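Everything on this sheet refers to the single structure shown next.
The values are calculated or read from the model by the stated rules, or taken from the named source; none is laboratory data. Every value quoted in this text rests on a predicted model; they were computed, and no experiment measured them. Reconstructed Cβ throughout: ideal geometry from the backbone, glycine too, with neighbour counts over all protein chains shown. We work out accessible area using only protein heavy atoms, side chains counted, and drop any ligands, DNA or RNA first. Shrake-Rupley method; radii C 1.70, N 1.55, O 1.52, S 1.80 Å.
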Amino acid sequence: MYILFTILIVIAAIILILAVLVQNSKGGGLAAGFSSGNQVMGAPRTADFLERTTWALAGFIVALSIIAVGVHIGQQRQQSNSGSAITEQVQEAAAGLQVPTTTTEE
């Protein structure tokens, strides 16, 4: 289950990278003060869609990361409660051994 969440996070991260690369830069910082105010920014609905997609994918990655950590911790606790395979084999071997008892008769 943890691997499934990891794969989904990687896929979402790749889509997020593509969504960010497709976006036009909106300018800003020091260059924003020197640009003219009547510039056409392109199709505003496309920019809104890409911005919403970016935020949604970022939130999706955060949520999946938190869920993946919870699943991973749950799996570790379940494995530690059941004991490891080595511990079980040692216990089985110890149960199979018969320790000779020595009694001293006086």
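Here are a few things to note about the model shown:
- Qualifying residues in the stretch 67-106 (those that are within 30 Å of A12 (Cα to Cα) and loosely packed, with under 11 Cβ neighbours inside 10 Å) - the one modelled with the highest pLDDT: R77
- In the stretch 1-44, residue modelled with the lowest pLDDT [restricted to those that are polar (S, T, N, Q) and open to solvent by less than 70 Å² (accessible area, probe 1.4 Å)]: S35
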